[in-house]
Amino acid sequence: MQLPLVVLACTALLCGANPLHSRVSQLSADFGVKVFQEVAQASPDRNVAFSPFGVASVLGMLQLAAAGETQTQIKAAMKYGIKERRVPPALRWLRKELTAPWNQDRVDVADALFVQRDLPLAPGFMKVFTRVFHQAVKQVNFTEPERARHMVNHWVRDSTHGMIGDFLAPGTVGALTRLVLVNAVYFKGLWKWPFPGAATRPRLFHKSDGSRVAVPMMEQTAKFEYGEFSTPQGVEYDVLELPYHGDTLSMLIAAPFRRDVPLAALRRGLDTRLVAEWKSNMTRVPRLLVLPKFSLETESDLRQPLQRLGIRDAFNPSTANFSSLAAEETLYVAQALQKVKIEVNESGTRASSATAAIVYARMAPPEVIMDRPFLFVVRHNPTGAILFMGQVMEP
């Protein structure tokens, strides 16, 4: 059942962490949220499932490969530099915290760089990449596009435990492809207080266009962390927290009090500071929660959202600079995309995302087609002697 609900997968800051680590985590999450804002704003009436962590991870890999103004634009949008001395340890700390067994709920994170096997990489790039991301560079042959696409999709399928299958569609990669940077996230969490299946029944869901539709809704009465808030524009809304059984992860749900208020009124101010404000101003109170079961699958083209955030040169064949990756060939980002699936039911949540940037070599030079009369000259260049010359009026 597809419901008009915006789902945001976001990384919360952890208490007691190194301040620098927490700052990098916050900046990473905020960048991903900004991209989400752009994606959702472009499609205000459709379901959106998104992974801020995934897009921040792939842009981090791109930043590592970039140089010059291209790198400057990516760094300015993300507000931190991947090559800065203390950032890689902060990123490794973040991933360790996300995937640690003490979370009890399962989180798997993986990165990969699939590179054309004969592409001469810049000296030291592979060493820096593996140091920052702890992942090996995988060599493929994009001149066999279907085989290369299958290898990427197989890695994504394995990394998302089968949730995301055909990530790259036919034709996505080809002879001009030089590398594909991919991040995959898998999450499986059980509610701390599962919804009783017997209580699930059809109820009316009020859509943004004023119409109504009957959907399966779960319900339970429990003590939840709950708060009432208002936007700077005076829109009142409530927030409720659903914890997963490990207590380190939770789902926060926010909705306007009034059904006629568009969700965009809340979404516009969303960032990690606001989420932290919610968390610090909630109290445990008894509530009867009625929540739709839902399953979303979203494919997002990230090119325009990233360009609107100032990352422009990376997508321009004439201005892109990825010389930190390969100095001998001009590269640019041809596509940036993400696919997310999320399932929420009585027992908990299962979600996966795959995010990729597909980097091409600059397109072949413009053709010069001699389909009209032309001259020819055969010249001995060391001496300047012209051995033959002529004109061709009709071959």
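The values are calculated or read from the model by the stated rules, or taken from the named source; none is laboratory data. Note that the coordinates shown come from a computational prediction; the quantities given were computed from them, not determined experimentally. All Cβ positions, glycine included, derive from the backbone under ideal geometry; neighbour counts span all protein chains shown. Protein only, heavy atoms only, side chains kept; ligands, DNA and RNA dropped before computing areas. Shrake-Rupley method; radii C 1.70, N 1.55, O 1.52, S 1.80 Å.
Listed values, structure above:
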read-out	value
Cut-off 18 Å (backbone N to label point 7 Å along Cα→Cβ of residue 264), residues of the range 200-214	207-211
Helix-only CD estimate at 222 nm, as mean residue ellipticity for the chain, using -39500 (n - 2.57) per DSSP H run (n ≥ 4)	-8000 deg cm²/dmol
Angle in degrees between helix 87-99 and the longest Cα principal axis of the chain, rounded to the nearest 10	50 degrees
Separation between Cα centres of the range 156-218 and the range 82-117, rounded to whole Å	22 Å
Residue-span extension gain [residue 84 to residue 192] - 0.36 nm each, minus C-alpha spacing	35.0 nm
Approximate spin-label separation residue 135-residue 343, in nm, with each point projected 7 Å along Cα-to-Cβ	2.4 nm
Gyration tensor (Cα) of the range 199-265, equivalent ellipsoid semi-axes in angstrom	23, 20, 9
In the range 229-259, chymotrypsin sites (Phe, Trp or Tyr not before Pro) in a DSSP loop with at most 13 other beta-carbon atoms within 10 Å	257
Reach of residue 207 by Cα under 16 Å, taken over lysines that are not fewer than 8 positions away in the same chain	293
Whole-Å semi-axes of the ellipsoid equivalent to the chain (Cα gyration tensor, √5λ, descending)	48, 23, 20
Over the range 247-317, volume per residue of the alpha carbon convex hull, in Å³	192 Å³
Volume per residue of the C-alpha convex hull in the range 148-303, rounded to whole Å³	180 Å³
Surface per residue (accessible, 1.4 Å probe) for the range 233-291, Å²	57 Å²
Accessible-area composition of the chain, carbon plus sulfur, in percent [1.4 Å probe]	53 percent
Rule-of-thumb Rg ratio for the range 127-221 [Cα; 2.2 N^0.38 Å; N residues]	1.72
Degrees between helix 145-159 axis and first principal axis of the chain (Cα, 0 to 90, nearest 10)	20 degrees
Spin-label model distance (nm) - residue 108 vs residue 370, 7 Å beyond Cα toward Cβ	5.8 nm
Accessible surface ranking that places the most exposed of 252, 240 first, with a 1.4 angstrom probe	252, 240
Solvent-accessible ranking of 218, 251, largest area first, probe 1.4 Å	251, 218
Lysines with Cα under 16 Å of residue 83, excluding same-chain neighbours fewer than 8 positions away	75, 127
Fully extended contour minus Cα-Cα distance, from residue 273 to residue 223, at 0.36 nm per residue	15.5 nm
Distance in nm between pseudo-label sites at residue 76 and residue 126 (7 Å out along the Cβ direction from Cα)	3.5 nm
The range 31-179, accessible area per residue, ligands and nucleic acids excluded (1.4 Å, Å²)	43 Å²
